[in-house]
Every structure is written in C-alpha cells, then in structure tokens.
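The next block holds one structure in the form of structure tokens; read it before the comments.
The values are calculated or read from the model by the stated rules, or taken from the named source; none is laboratory data. Predicted model, so just to flag it, every value in this text is computed and none were measured. Here the Cβ is made from the backbone with ideal geometry for all residues, glycine too, and neighbour counts use every protein chain on show. SASA here: full protein model, heavy atoms, side chains in, ligands and nucleic acids out. Shrake-Rupley method; radii C 1.70, N 1.55, O 1.52, S 1.80 Å.
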Amino acid sequence: MALPNGQVAPGIGQLPTANPSVLPAIASPLLMSELNLILVGPPGAGKGTQADRLRKDHDLPYYSTGDILRAAVKEGSPLGKEAGDYMKRGDLVPDEVMCEVIMERVDGEEAAGGFLLDGFPRTVRQAEVLSDRLDARGRDLTAALLIDAPDEEVIKRLSGRRVCAENQHTYHLLFNPPKREGVCDRDGSPLLQRDDDREETVAYRLRVFHDQTKPLIEWYESKGLLRHFDGSRAPDEVHQRISAALAELEEAA
Ligand code: ADP
Ligand code: ADP
C-alpha cells in the first residue's frame, strides 16, 4: 500500500524524521542482473509503504497477494469466492491456492528480470514452493526483507489505516491523513477501512502472524537470506536502510 506523497503527518506514535547525515548512503540503481525480493512482516508494519518506494527505485514488477485477493473478491471471481471467507476472518488462504496465484506471476514474462513480492510467502510451505520453483529455473532469491514492528505499533497503524476505493492508495488517520477528510488526494475516491482492519480481526491476524509466519522468518534466517529492518522508524528512514542493504548485496554479488 502506498503512502501517497511519501510524507507522514505529525501525530501520536510518529517517530522523528530521519536525519540523512547519520544514514547510510542511498543505493544508486542496482547493477545486479536480477533482483528477486520478498517483503515479510506483521500486518501493518509498512510493507506496502516500502514496496511503493522500492518499485520507484528499481522498476520492479510488484505482486501483493493481499491486493490480488481483494481485487478477486471485488470481482467475484472463483479465486475471490474461495478466498473471501478466510480473509474476512483473518485466516490465511490455503497454501496451494496462494502458490498457484504467485507461481503464475513469478514465471511470467513480466517477472523474468526480477520481482518484488509483498505478502507472499507467509508460511514455510509457501517459501519452499517458491524456492523450488526458482531453483528449477536456475534463479535465486536475492533477499527476504523483514520489516518488523511491535504488536502495539501495528495495532495503532491498522486501526487508523484507510484505503481508497479506486486504487488502494493508503493513508493513516493520524500518521498520514488525506488533505480532505475521507477523500483520496490522488484520485478523489472515498477512503474506507478494510474489513479485516477492525479491532477484533486485527488481534486474530497478529496471532496468525506469530503462529504461522514467524517460523518462515526463522527459515529465511537459517538460509542466510533474511535482512532485518526496524519498521517502527519513519518511512524515509526504513527506505534508506533497505536501499543501503540492497547496495551491499550488489557489492557482494
Ligand atoms: P502493510 O503493507 O505491512 O500491512 P502498510 O504499508 O499498509 O502496511 O502500512 C500500515 C499503516 O501504517 C498505513 O496506514 C500506513 O499509512 C502507515 N504506515 C506505514 N509505514 C509507517 C511508518 N513507518 N510510520 C508510521 N505509519 C506508517
Ligand atoms: P497486510 O498488508 O495487512 O499484511 P495483506 O493485505 O497482505 O495484509 O493480506 C490480507 C489477507 O489476505 C490475509 O489476512 C490473508 O487472509 C490473505 N493473504 C494474503 N497473502 C496471503 C498468503 N501469502 N497466504 C495466505 N493468505 C494470504
């Protein structure tokens, strides 16, 4: 989900804006032949917000499973019908369904030179399927970027998240409010709260994250692919740290 203007308005819980002089240099465009990246982290940690910036930096095809599923639900397609009830409850959609959705994209022509996945994999099983598929094609995952934030912080973020009806542009009532209340700055469509961002479902989604996605994080750590970022910092600072880590990976390549 995008922060529309890259800004975070002053508000409770906002961390100070990063001081560029103490941050690592921002990466120049990467020369690595293929940048195959995944974003992992608790709901509300800022994966979509960072994805928006990384896409601009690296011109990568971006696949957010949450966005793909919500569009399918809206359309009433067979995928949407299958996934809708799981999403409403805050449960994960079954692995085989998700793997099919994502493998099709990773194998597609658009992603032949690299990709950025947001929200997939979310279980060790999904990670294994992705890894096997990349292996079979002689490709590697460049890194799993973990954007982490404590439960109290993500609860505040999810309860204030508002998303525009037309294009899923993302705002926050306190940290990134729109100029006109309830209206998207970018396309004028109404801002809505996601069903699964309501308090009861958020607590459940966090449990699901701790139970099912934490083991995936350990799995990537054990393979030396995990890069950890403190998502409770300001969006610009998180972005700069990710860029610096990607530049390091490029140097090592
Ligand atoms: P995710 O994709 O991980 O669920 P989002 O990028 O949608 O998370 O961010 C969740 C909410 O928190 C949104 O309302 C967004 O505007 C806000 N947000 C994102 N990053 C930050 C940050 N670093 N500081 C404060 N608020 C943030
Ligand atoms: P967030 O951005 O808040 O982390 P997402 O938008 O990524 O949430 O996901 C919303 C919902 O879509 C999840 O709660 C789950 O029901 C479903 N979903 C998304 N990605 C996956 C996945 N890889 N595996 C299973 N379910 C998924």
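So here's what we get for this one:
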item: Check on Glu181, within 14 Å of ligand 2 (Cβ to nearest atom) and either open to solvent by less than 70 Å² (accessible area, probe 1.4 Å) or farther than 22 Å from Leu249 by Cα (or both); result: no
item: Qualifying residue in the stretch 153-167 (condition: under 26 Å from Cys99 (Cα atoms), within 17 Å of the chain's Cα centre (by Cα), within 15 Å of ligand 2 (Cβ to nearest atom) and polar (S, T, N, Q)); result: yes
item: Members of the stretch 226-253 that are among the aliphatic types (A, V, I, L, M) and either part of a helix (DSSP H, G or I) or out of contact with any Asp or Glu (no Cβ under 9 Å at 6 or more places or on another chain) (or both); result: Ala234, Val238, Ile242, Ala244, Ala245, Leu246, Ala247, Leu249, Ala252, Ala253
item: Residue ID - nearest to Gly44 (Cα to Cα), chosen from residues in the stretch 82-105 that are hydrophobic (A, V, I, L, M, F, W, C) and without any contact (Cβ under 8 Å) to a residue 60 or more places away in the chain; result: Val93
item: Some residue of the stretch 70-85 being within 16 Å of ligand 1 (Cβ to nearest atom) and either within 14 Å of the chain's Cα centre (by Cα) or charged (D, E, K, R) (or both); result: yes
item: Residue in the stretch 217-239 that is touching a strand residue (DSSP E or B) at 6+ places or on another chain (Cβ under 7 Å), closer than 20 Å to Val93 by Cβ and of a type in the set (A, V, I, L, M) present; result: yes
item: Whichever residue in the stretch 126-160 is of a type outside the set (A, V, I, L, M) and open to solvent by less than 10 Å² (accessible area, probe 1.4 Å) and, among such residues, is farthest from Glu250 (Cα to Cα); result: Gly160
item: Close pairs from the stretch 49-75: first free of Cβ contacts under 8 Å to residues at least 40 places away in the same chain and of a type outside the set (Ser, Thr, Tyr), partner open to solvent by less than 60 Å² (accessible area, probe 1.4 Å) and outside any helix (DSSP H, G or I), Cβ under 8 Å, at least 6 apart; result: Leu69/Val93
item: Which numbered condition Ala165 misses (of (1) out of contact with any strand residue (DSSP E or B) (no Cβ under 8 Å at 6 or more places or on another chain); (2) at pLDDT below 95); result: (1)
item: Residue list for the stretch 223-253, restricted to those being closer than 24 Å to Ser33 by Cα and of a type in the set (Gly, Ala, Ser); result: Gly224, Ser243, Ala244, Ala245, Ala247, Ala252, Ala253
